[in-house]
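Every number in this text was worked out from the coordinates using simple rules, so none of it is lab data. Just so it is clear, the model here is predicted, and its values are computed rather than measured. All Cβ positions, glycine included, derive from the backbone under ideal geometry; neighbour counts span all protein chains shown.
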Amino acid sequence: MIKNEQIDGNKEMIAFGMMNIVGSFTSCYLTTGPFSKSAVNFDAGGKTPMSNVVMSVCILLVLLFLAPLFKYTPLVALSSIIVVAMIGLIKVKEFIRLYRVDKFDFCICMVAFVGVVFFTMVIGLSASVGLSVLRALLYVARPATVKLGNITGTEVFRDVKQYPHAKSVPNILVLQLGSPIYFVNAGYLRERILRWVEDEEHICKGHGQDLQCLVLDLGGVTSIDNTGIGMLGEVHKGLDRKGIMIALANPRLQVTEKLVVSGYIKDTIGEESVFLTITDAIASCRYGLRRFRGKEGCSEV
């Protein structure tokens, strides 16, 4: 990274693992690649992996013939070499940048730093990796659902909180789901969708209207499992009891295939409820409402 080169860490870890497996048959010393060795090697002027071969030969000769001479070498002298090499890797400005950009990233960084400095590298890295995995799980289990509004004069729909001038569509609620739908977050998404519907119903009643249609923008949903499909079915049943139609906009190919195979599109909402864009879905919902109201008027006559 210092030399702006592309490094594949996975291949390096595979190489270390293979060397340790082969070396274990001959009682070889464990091969690792800590940052201190890499930093010392770089500061010494190493250009290619051949420097590691030369270093290994030199260490072998030292251990065989010169080890008794280094018996009384102070550990302070050896540690100072590592300290000098590692100081160049500590970027205080990067800490400050992390604190300004993302507080959670800053916490992960400080946990790794404190764990490695005051305990061991295994403790520091394990704690930081654990926090990173925890954050990833929280993001997956609590995905964002946003209400979309129309930008006046266009067919663009954006988050109403991010764009306050975006206007909601009368009698129609447009929601955007921006993450894969798995068993981990299916229950949370169902709760959030129904809560959005409930809040929108209160807003519509305040204007003397009723919520008639829910449009789900699935453009950001990259995949869905069986539990997610079941969740959509439960949402449809709950809305159907209230007389609210549901429409899907821009579902991805992988998602559409599963919804078709499961029968959700054909048997539950109908093929006429899947659209390419949000604008098409809203136009169809309005047309369906006009037809429904027209039929009601004819029946009353």
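At-a-glance table
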item	result
Pair ASP210, MET86: separation of 7 Å Cα→Cβ label points (nm)	7.0 nm
Sequence-distant residues sharing a close amide H with PHE275 (under 5 Å, placed H)	LEU248, ALA249, ASN250
Semi-axis lengths, Å, segment 1-72, gyration tensor of Cα atoms, sqrt of 5 times eigenvalues	24, 19, 10
Nearby aspartates and glutamates by direct alpha-carbon distance to LYS167 (threshold 14 angstrom, same-chain neighbours under 8 apart not counted)	GLU155, ASP159, GLU200
J(HN,Hα) series, segment 207-215, from Karplus relation 6.51 cos²θ - 1.76 cosθ + 1.60, nearest Hz, glycine and proline x	9, x, 10, 10, 6, 10, 8, 10, 10
Rg(Cα)/(2.2 N^0.38 Å) for segment 1-147, N = residue count	1.35
Within segment 39-146, chymotrypsin sites (Phe, Trp or Tyr not before Pro) in DSSP loop having at most 13 other beta-carbon neighbours inside 10 Å	TYR72, PHE119
Antiparallel DSSP beta bridges within segment 134-285, as percent of all bridges there, nearest 5	35 percent
Cα pair distances exceeding 15 angstrom across segment 53-125, given as percent	72 percent
Cα shape, segment 169-251, gyration tensor, a/c 1.5 rule	prolate
Kirkwood Rh and Cα Rg combined as Rg over Rh, evaluated for segment 110-215	1.23
Sorted largest first, extent of segment 91-141 alpha carbons per principal axis (Å)	33, 25, 9
Quarter of Cα convex hull surface for the chain, i.e. mean projection, nm²	24.7 nm²
Whichever lysines have a C-alpha closer than 24 Å to that of LYS47, once near sequence neighbours (fewer than 8 apart) are set aside	LYS3, LYS11, LYS37, LYS91
Cβ crowding within 10 Å averaged over residues, with 182-192, 214-224, 147-157, 74-84 ranked highest first	214-224, 182-192, 147-157, 74-84
Computed over segment 145-297, Kirkwood Rh from alpha-carbon pairs, angstrom	15.7 Å
Cross-link reach list, aspartates and glutamates versus LYS242, counting only Cα pairs under 12 Å and skipping chain neighbours closer than eight places	GLU198, GLU201, ASP210
DSSP-defined antiparallel bridges as percent of all bridges, the chain, nearest 5	35 percent
